[in-house]
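Participant: Structure in structure tokens, see below.
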């Protein structure tokens, strides 16, 4: 009985210090928008989820954002997108930060090919996309541990109106740290409820 108890304790300790690897791919093309999430534990695949954004509600939101837009409208879209990204970063909850701070990023690649159909707006949009990507990568580096050199690119096409983007990311987190972060989040949410009551 004693050895069984020791075995269970050792197994639990091993489990707590073990890492879970999470693979995330987001592919945005003219005819398909997919999110692929895979979770692996010691090489064993626990989850392989493919989300087709064409099948979700409000699917029109995922279509080509430059389609049917004029030069001015394209500029306004890029400007509103940049503001939206920065507002999201600023309002990131403590709960999300708690998890991100314990994550290790092993791969981060984000490539975008696009064109608005207009030379001027394509150039300005390219600058806006570089700003957005640079800010997000920099923010990721401050709240998580980057163990790789991020690969990002923005390749404008001045003749066509299209967008093709792919994001690849591999992160890991120890099970014990994930549990601690979850407990911390639950405690904070409980305290907030008490304050409001």
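Participant: Fewest to most neighbouring Cβ within 10 Å: what's the order for 114, 41, 139, 11?
Facilitator: Details: 114 22, 41 14, 139 17, 11 10.
If I rank by nearby Cβ atoms, fewest first, I get 11, 41, 139, 114.
Participant: Mind sorting 119, 4 by how few other Cβ atoms lie within 10 Å of their own Cβ, fewest first? Write down the numbers at each step before the final one.
Facilitator: Numbers: 119 13, 4 8.
Least to most surrounded, the residues fall as 4, 119.
Participant: Okay, moving on. As an exercise, use a Förster radius of 45 Å and the Cβ-Cβ distance of residue 41 and residue 159 to find the FRET efficiency, rounded to the nearest 0.05.
Facilitator: 0.45
Participant: May I pose another question? According to a simple spin-label model (label point 7 Å from Cα along Cα-to-Cβ), what is the distance in nm between residue 30 and residue 182?
Facilitator: According to this spin-label approximation, the distance is 4.4 nm.
Throughout, read-outs are computed from the coordinates displayed, never taken from laboratory work. As the structure is a computational prediction, the values presented were derived from the model and not from experiment. Here the Cβ is made from the backbone with ideal geometry for all residues, glycine too, and neighbour counts use every protein chain on show.
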